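Coordinate-derived values only; no laboratory data. In this text the structure is predicted, and so the values were computed from the model without any measurement. Here Cβ is always computed from backbone atoms with ideal geometry, including for glycine, and neighbour counts include all displayed protein chains.
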Amino acid sequence: MTAEKIIFLLTGALILLSALMVVSTRKLLHAALWLVVTLFGVAVLYAMLQASFLAVVQVVVYIGAIAILFIFAVMLTRREMRDQGQQTRSNWWLPALLGLLILAGLVFLILGVPGADRVPAALPEGFDAVRVLGTALVSPNAYVLPFEVASVLLLAALVGAVYLAGAGKKP
Amino acid sequence: MTFADFLNNPVNFIADWLTGLLTGWGLPDALATILVYVIGITVLIVFAMVLDIGLVWVERKVVARFQDRLGPNRLGPFGLIQPFADIIKLVIKEDITPAGADKVIFNIAPVLAAVSVIALWAILPLSSKIFGVDMNVALLYLVAAGALGTLAIIMAGWSSNNKYALVGAFRMVANMVSYEIPMVVVLLIPTILADTMSVQGITQAQDGLWFAILSPLGFLIFFISAIAELGRTPFDLIEAESELTAGFNVEYSGMKFGWFYASELLHAFTFGGFMAVLFFGGYGGFFGLEKVAGFGWLTNPFIEAAVFIAKAMFGYWAIMWVKYSLPRIRIDHMLAFNWKFLVPLSLVALATPAILHKVLIDLPTWQYALGMFASNVVIASGTIEILRANSRKQRKAEEKLSPQPVKN
Amino acid sequence: MQNEWIYIGLFLVIGIIVPIVPLVIARFISPHKPNPIKQSTYECGIETVGDSWVQFKAQYYIFALVFLLFDVETVFLFPWALSLNRLPLFVVLEGILFIGILVAGLVYAWRKGMLEWA
């Protein structure tokens with residue numbers, strides 16, 4: 001077993017464990033913080049795949065913005081912070097079984113893909129992934145349209161957020 | 001391997017020697033490399049911590065001078081031993097955890113606050129040969145470390161189970177996330193000018209010309225938003241002693257409080273360092289002087305490190321200068337200043353050099369620099385005109401509302 | 001490429017250990033005599049009234065939302081900034097169009113009074 005595999009397995013275990021904690025912990029804020037751990041684990045995976053840009057963006061956007069937004073939302077709903085009620089329904093085993101089945105199916109599918117166990121080749125020396133990404137994002141025969149459409153999508157999200165926030169204000 | 005080799009590239013010299021020593025003992029190459037990394041990192045972090053202790057003294061001395069006092073002057077020459085006494089006091093103080101606190105998060109928060117600052121030292125280029133790592137996404141890494149700091153403050157505020165702490169944490173987060181936008185936008189300016197995100201590349205691109213000359217507005221916006229990120233006056237609503245006693249760290253005592261304090265000081269110094277790197281040529285930027293015969297010694301790693309620390313200290317001093325000169329601003333003013341002024345201005349300050357850089361790059365250097373500088377002057381004067389017109393309008397509206405004074 | 005992440009990983013691990021060491025030392029050499037008064041919530045000597053969970057302004061949430069959108073936008077701009085010097089002038093204009101659309105969003109939020117702290 002290589003060192004890389006050990007780090008990968010540890011990170012994977014951390015992601016799974018923290019994801020489980022997100023749904024099982026009783027305090028909402030703890031759930032949000034466990035989610036941060038999960039997201040950080042994903043960033044580590046990106047770093048291991050030599051996707052530096054994605055790894056850093058994962059931390060900037062997901063931990064720096066989305067997790068903070070979650071924590072704000074959790075803190076604004078003060079009474080629900082310490083939920084004492086029943087956490088599971090009586091038929092909890094059914095979705096659990098379903099989830100396991102889907103997992104088994106996915107594992108089966110992934111194992112069927114030829115070359116799924118291959119180690120990715122190292123990037124050539126001096127290869128700057130961010131620059132290549134940038135060139136692809138703005139050159140007309142690549143992804144310039146999605147790039148511009150993304151800004152329209154962000155605009156739509158902003159308008160939607162403003163509308164929803166303003167809805168409560170009206171007399 | 002000679003002494004001259006050591007002087008020219010100390011880190012590589014020691015690393016080679018250590019690796020040779022360790023592999024000589026029969027360690028595998030990979031393990032030896034990792035061990036050398038660990039030793040190097042430990043030395044770098046310990047250096048940062050020792051510097052941090054020095055910063056306590058600097059901060060107290062400088063604030064004393066600003067307030068016309070003497071500052072610490074009893075322990076040792078110029079009170080230099082005072083910070084060590086402070087640390088001993090912090091370590092032997094009783095550590096109180098409030099009754100309703102969330103113990104685990106309460107204990108993690110100060111460590112995370114320290115880590116978010118220490119992590120920045122991994123990319124801080126002390127000199128062309130002495131640095132942690134030269135990443136090609138270094139500027140985003142800087143922002144990512146800031147995100148961890150935000151998280152630490154929220155955790156501290158929430159876990160204390162204290163109204164003041166929670167209010168302080170909320171304000172701090174609103175402050176930090178707001179000012180992150182103009183900061184990230186102006187980080188794009190050095191990226192465009194140097195055509196790279198690596199801090200070494202940005203430093204070397206400024207050998208002939210500092211980016212502060214090409215984009216003074218960018219520097220100014222970075223300076224303001226750095227102060228806001230640090231939560232220092234005039235943006236210190238988190239602490240706001242007069243209303244929140246101490247803000248998010250009100251329930252912390254002993255060494256846990258010590259880490260919040262230490263990481264704030266180190267953070268300020270580190271941001272001084274990044275200001276030097278991004279806009280003032282970092283360890284270099286001698287305007288080509290190092291190429292003149294007789295000045296070659298300027299590129300010696302130790303001289304470069306000294307230059308870098310001097311520049312970073314100056315940045316840190318400028319941050320202190322602002323801190324001890326200005327009063328605290330109100331939260332609505334703070335947010336309005338960011339979203340209605342700094343964000344639009346930073347976007348303009350980014351778009352203009354992006355176009356001009358593309359258009360002017362083929363011209364001789366002095367014309368290029370003049371064009372960039374002039375565009376900044378135009379934007380700045382335009383902004384001032386708009387502000388003036390706006391305040392005139394506001395004054396008119398106020399005058400109309402308030403009753404006219406009666407003339408006798 | 002991967003080396004730099006190994007370095008960052010080690011840096012973070014040691015960066016976590018360094019702050020913990022003084023805390024552990026402090027735990028052993030500092031006194032520990034808790035009592036209910038000492039451990040009570042500090043509110044300048046006045047007894048605590050009610051829950052620590054005071055109601056917060058929803059405005060904090062709005063600002064976090066606006067921040068999130070601008071954060072994603074600026075992250076998109078970094079690859080753009082890196083490709084500027086290699087590609088023709090209209091690439092700059094593409095980026096500026098991208099910024100412009102977002103500025104329209106900012107203006108909209110401003111007009112709707114979302115940026116007021118009221």
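Which of the aspartates and glutamates could be linked to C:Lys38 by a straight reach, that is with a Cα gap under 19 Å, when you skip same-chain ones fewer than 8 residues away?
C:Lys38 reaches B:Glu94, B:Asp95, B:Asp102, B:Glu251, C:Glu47, C:Asp51.
Note down the Stokes-Einstein diffusion coefficient of region A:1-82 in µm²/s, whole number, using a Kirkwood radius over alpha carbon pairs, 25 °C, and 0.890 mPa s.
Value of D from the Cα-based Kirkwood radius: 182 µm²/s.
Dividing the convex hull volume of the alpha carbon atoms of region B:93-348 by its residue count, what do you get in Å³ per residue?
Here the figure is 121 Å³ per residue.
Go ahead and collect, in residue order, the members of region A:11-46 whose backbone nitrogen is under 14 Å from a label point 7 Å along the Cα-Cβ direction of A:Ala73.
Residues A:28-29, A:31-33, A:35-36 fall inside that zone.
Based on the alpha carbons, how large is the Rg to Rh ratio for region B:274-408 when Rh follows Kirkwood?
Using only Cα positions, Rg/Rh for region B:274-408 is 1.14.
Would you calculate the separation in nanometres between label points at C:Val21 and B:Val322, each defined as 7 Å from the Cα along the Cα-to-beta-carbon direction?
3.4
Would you mind getting me the FRET efficiency between C:His32 and A:Ser90? Use the beta-carbon distance for r and R0 = 56 Å, nearest 0.05.
Efficiency, from the Cβ-Cβ distance: 0.75.
Work from the charge dipole of region B:91-201 (Cβ charges, +1 for Lys and Arg, -1 for Asp and Glu, about the Cα centre) and give the residue of B:Ala152, B:Ala165, B:Leu126 farthest towards its positive end.
B:Ala165
Under 8 Å for C-alpha pairs, at least 6 residues apart: give me the relative contact order for chain A, rounded to a whole percent.
15
Roughly how far apart, in whole Å, are the Cα centres of region A:123-144 and region B:362-401?
That distance is 36 Å.
Tell me what the protein assembly as shown gives for mean residue ellipticity at 222 nm when only DSSP H runs of n ≥ 4 count, each as -39,500 (n - 2.57), the sum divided by the residue total, rounded to 500 deg cm²/dmol.
-23000 deg cm²/dmol
Using a cut-off of 18 Å between alpha-carbon atoms, which aspartates and glutamates can reach C:Lys112, once sequence neighbours fewer than 8 places away in the same chain are excluded?
B:Asp332
Calculate the length of the line joining the C-alpha centroid of region B:192-216 to that of region B:137-176, in whole Å.
Answer, in whole Å: 30.
Between B:Ile154, B:Ile88, B:Ile303, which gets the highest mean-square fluctuation from a Gaussian network model of chain B, Cα cutoff 10 Å?
Judging by the Gaussian network model, the answer is B:Ile88.
Calculate the all-directions average of the projected area of the protein assembly as shown's alpha-carbon convex hull, and give it in nm².
41.0
Among the listed pairs B:Lys311/B:Lys358; B:Lys61/B:Lys89; B:Lys163/B:Lys256; B:Lys93/B:Lys163, which are separated by more than 22 Å between their Cα atoms?
Table pairs above 22 Å Cα-Cα are B:Lys311/B:Lys358; B:Lys93/B:Lys163.
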